[in-house]
Amino acid sequence: MAETESPMKTTDPARATPSIKCDAHEIAPGVLIYSDFVNTYATKLGDELLLIDPGFAHLSGAVHRSVRAWSDAPVTSAVYTHGHADHAFGLQAFLDAGDRPQIVAQENCLDRFRRYRLTHGLNAHINQRQFSLPAPMFPDRFIEPTLTFRQALSQRISGHEVLYTAARGETDDGCYVWIASKRFLFTGDLVIWQAPNCGNPQKVQRYPVDWAEALETMAGLGAEWLFPGHGLVVQGEAAIREMLTNTALYLRSIIDQVLERINRGETPEEIYHAVEPDPALSALPYLAARYDHPKFIVRNLLRLWGGWWNGNAADLLPATWQRQAEEIAALAGGVEALVGRGRTHLDAGDTAMAAHLAEWATRAEPGNRSAQELKRDVYGARLREEPSLMAQGIFRAARNDAKQVLQDLE
Ligand SMILES: [Zn+2]
C-alpha cells in the first residue's frame, strides 16, 4: 500500500474520519503500523527495531508475522506505553522466535500486573460488562518489563536517542516516547481519537490534570509525526500541536469547572449536573464522546480530590436499595404504580427518570413481569440514545439482566 493512501493517516485531524483497523503497512518512513483496535508500531532505528505497544496476547502471532514480513532486524527494545490488556500482552511470539528485547515500562506497570493477579475475577467481569463480551475475560499471563523508570529514561538505539517520559492519564503507569532525531512522538493512550478515557466508571482512579500537563508538554516538542495508541497517525507539526492543545483544553475546561465548584463548597451531585464539556471542542472528530463520557470525568475528579461520600446524608449509612424501593412502592400504592409512572417518563423521552422508576419497581418486586419489562425497555432506550461505549456496556448489561429474569419467569 502506498504511504499516501494509508487509511490510518491524516494531515488534517479536524476533518478526519477515525478508523480502528487496517492492514499492516509502512505508515511513515521506517515505521510499520499494525492496527486492530489498538495500534502497534515497529520502528527501524539503524539495524535494530523498537516495538511500541506489542498489543493483545491473541494478536501476537499476527503482529509478529507482519513485522517479520517487513523487516528481519532484531527487536532489541519493546515498550509498554502502559500495562493495559490491549497494549502490553503481545510479545510472546517475538520471544518464541528468539528476540530478546529490553522491555521498557514506567515502574507502576509492575504494580499494575500485581493488582491484575490479585483482582483477576473483578477485571474479567468489568471487561465483560464494558465491552459486552460473551463471558468474563482477562489476561492472566504477564510478560514483565525488564527495564523500568520513574520519571524519564533515555536510551540509545543505533545512535538515536529514545526518550521515555512518565505521564499519568488514563493510567498511573503511562508514558510517551519521543525520538527527536526523527521527530516521532508515540503517545500511547494519551491520544486515542476519542474524548479522553479519563472517567471510566468501573475502573481505578484516572488522572485528568496530569493528562492535560502531558499533552501540553508534548505539544511543545515539535513532533512531525504523532503515533497514537488508537486511531489515525497525524503528520504535520502544526496539526499535531493543535490536536494536542485542543485535547488539553477539553480536559482543562472540565477540570477548571469542577475545581471552581468544589472549592465553593458545592456537593458532588450539584457539580455532576452543572459541569459540561466545551461544545466546540466536543464537536472535533478526535474528541467525540464515543468511548468514555465527559460526565464520568467529572465523577473521577470528584473521587480524586474528595472522598466517596456523595453529599446525601441518608446515603452515608443507608438502608438497602431493596428496602428503599419497597418503601417507595408502598407510598406509590404498589409496584404497578411505579411501572405506570416509569412508562409515562419513557414515552415522554425522559429515560433517566424512567430508569429510576424501573430500578425501584424491580428491586421492590424482582419477580414482577411488568417491572422487568419496563427495565428491559428503559435500558434498551438508553442504549440506543447513548453514544458512549462505557455507558452502553452498563446499560446493555442491565437490559440483559431484565431479559434473563423475564426468561426465568416463563
Ligand atoms: Zn488502549
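The values are calculated or read from the model by the stated rules, or taken from the named source; none is laboratory data. The structure displayed is predicted, hence computed values, not measured ones. Neighbour counts are summed over all protein chains in view; Cβ atoms, including those assigned to glycine, are modelled from backbone coordinates with ideal geometry.
Side notes on the structure shown:
- Residues that are away from the ligand (no atom under 15 Å from the Cβ) and in a loop (DSSP other than H, G, I, E, B) within the range 205-224 comprise Gln205, Tyr207, Gly220, Leu221, Gly222, Ala223, Glu224, listed in sequence order.
Listed here are the residues, each with its yes/no results for (1) out of contact with any Phe, Trp or Tyr (no Cβ under 7 Å at 6 or more places or on another chain); (2) assigned to a loop (DSSP other than H, G, I, E, B); (3) small (Gly, Ala, Ser).
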{"residue": "Ala288", "(1), (2), (3)": "yes, yes, yes"}
{"residue": "Asp292", "(1), (2), (3)": "yes, yes, no"}
{"residue": "Gln324", "(1), (2), (3)": "yes, no, no"}
{"residue": "Ile328", "(1), (2), (3)": "no, no, no"}
{"residue": "Gly340", "(1), (2), (3)": "yes, no, yes"}
{"residue": "Leu346", "(1), (2), (3)": "yes, no, no"}
{"residue": "Ala352", "(1), (2), (3)": "yes, no, yes"}
{"residue": "His356", "(1), (2), (3)": "yes, no, no"}
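- Positions within the range 87-99 being within 16 Å of the ligand (Cβ to nearest atom) and either at pLDDT below 95 or outside any loop (DSSP other than H, G, I, E, B) (or both), in sequence order: Ala88
- Taking the listed residues Val104, Val63, Val79, the one that is more than 16 Å from the ligand (Cβ to nearest atom) and of a type in the set (A, V, I, L, M, F, W, C) is Val104, with no other qualifying.
- Residue in the range 340-363 that is farthest from the chain's Cα centre (by Cα), counting only those that are surrounded by fewer than 18 Cβ atoms within 10 Å (Cβ to Cβ) and within 22 Å of Gln322 (Cβ to Cβ): Gly340
- Entry remark, the range 181-199: residues being within 14 Å of the ligand (Cβ to nearest atom) and not in a loop (DSSP other than H, G, I, E, B) number 3 in total.
- Within the range 107-131, if we keep just the residues that are more than 26 Å from Ala397 (Cβ to Cβ) and either surrounded by 21 or more Cβ atoms within 10 Å (Cβ to Cβ) or of a type outside the set (D, E, K, R) (or both), the residue that is farthest from the ligand (Cβ to nearest atom) turns out to be Leu110.
- Residue match in the range 149-165 (condition: within 16 Å of the ligand (Cβ to nearest atom), touching a residue at least 60 places away in the same chain (Cβ under 8 Å) and closer than 22 Å to Val38 by Cβ): no
- Among the residues of this structure, Tyr286 does not count as one that is more than 30 Å from Val31 (Cα to Cα) and modelled with pLDDT of 95 or more.
- Enumeration of residues in the range 318-333 that are loosely packed, with under 15 Cβ neighbours inside 10 Å and over 19 Å from Arg399 (Cα atoms): Pro318, Ala319, Thr320, Arg323, Glu327, Ala330, Leu331, Gly333
- Selection status of Tyr272, part of a helix (DSSP H, G or I), buried (at least 22 other Cβ atoms within 10 Å of the Cβ) and among the aromatic types (Phe, Trp, Tyr): no
- Filtered residues of the range 147-160 (kept if loosely packed, with under 13 Cβ neighbours inside 10 Å and closer than 11 Å to Cys109 by Cα): Arg150
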